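Here the structure comes first, spelled out in structure tokens, and everything after it is commentary.
The values are calculated or read from the model by the stated rules, or taken from the named source; none is laboratory data. This structure is a prediction, so every number in the text was calculated from the model and none was measured. Positions of Cβ are generated from backbone atoms using ideal geometry, with glycine treated the same way; all protein chains shown enter the neighbour counts.
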Amino acid sequence: MDMALWFGLVGFILAMSYTPGPNNLMVMSSSALFGFKRTLPHWFGVNVGFNLLLVAAIFGLGELVARYPVSLVVVKIGGAVWLAWMSWKFASAAINPLPAAQRAEGKTRTRPFRTWEAALFQIVNPKALMMTISAAGAYVALAETAQQRALIMVATFIVFGSPGGLAWMLAGGTMKRFMSDPRWARILNAGIAATIAATILMILAS
């Protein structure tokens, strides 16, 4: 393994994993709304989906998309439709919040992302696609075989990248104490809806 190149990979991961993006903003907002523990499946799904996407990129995802560009269009449209539904759910919760009695019982109109939803989201996440395809191309000399590169890169992303989402979740958890105020809950629901809507625009424009 080329250690100098590996240190470059670590720097790339740290720079990309701890900066704002759809995944980090969404897990932070989810943690603020639903709590750290209930957001863990979302965070786990992000890591599963991202690393599967990375492996696919290492083994030629970019070439496959170039050969069959219609496949990317289908994925974009399908992902955009699903995200539009999720955005509408959060926007509805912001516009028409539950009565105070139901909020006191812990009921909500929305829910955290499930593991499989967060994993599938990576397919249409512009930042995740850019990170995986860029890493697969830039660090091709990291090891001699694709299998070795996949093992090294996935392990490195798990060790150095996955804590980034946890850090954003902790930040969201500190905001949770404000959620007893319906105004803050409404603002956060609206913020998540806007983040998802912006992601849809990025997907369709890319």
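Under 7 Å between Cβ atoms, at least 6 apart or on separate chains: pull out the pairs that start in segment 1-14 with a residue that is farther than 21 Å from ASN47 by Cα and touching a residue at least 12 places away in the same chain (Cβ under 8 Å) and end on any residue that is assigned to a helix (DSSP H, G or I) and of a type outside the set (Val, Ile, Thr).
Sorted first by the residue in segment 1-14, then by its partner, the pairs are MET1/LEU142; ASP2/ALA141; ASP2/LEU142; LEU5/ALA141; LEU5/LEU142.
Examine segment 123-143 for a residue that is in contact with a Pro (Cβ under 7 Å, 6 or more places away or on another chain) and not acidic (Asp, Glu), and state whether such a residue exists.
yes
Can you find a residue in segment 181-203 that is more than 23 Å from THR19 (Cβ to Cβ), free of Cβ contacts under 8 Å to residues at least 60 places away in the same chain and in a helix (DSSP H, G or I)?
Scanning segment 181-203, I find at least one residue that is more than 23 Å from THR19 (Cβ to Cβ), free of Cβ contacts under 8 Å to residues at least 60 places away in the same chain and in a helix (DSSP H, G or I), so the answer is yes.
Name every residue in segment 107-124 that is buried (at least 21 other Cβ atoms within 10 Å of the Cβ) and assigned to a helix (DSSP H, G or I), in order of residue number.
Result: ALA118, ALA119, PHE121, GLN122, VAL124.
Name the residue that is farthest from ASN125 (Cα to Cα), counting only residues in segment 10-29 that are among the hydroxyl-bearing types (Ser, Thr, Tyr) and at pLDDT 85 or above.
TYR18
Does ILE203 satisfy being at pLDDT below 80, closer than 27 Å to PHE59 by Cβ and under 17 Å from the mean Cα position of the chain (by Cα)?
Here the answer is yes, as ILE203 does meet what is asked.
Is it the case, given these coordinates, that THR19 is of a type in the set (Val, Ile, Thr) and not in a helix (DSSP H, G or I)?
Yes.
Mind listing just one residue for me: the one in segment 125-173 that is crowded, with 21+ Cβ neighbours inside 10 Å and outside any helix (DSSP H, G or I) and, of those, modelled with the highest pLDDT?
The residue in question is GLY161.
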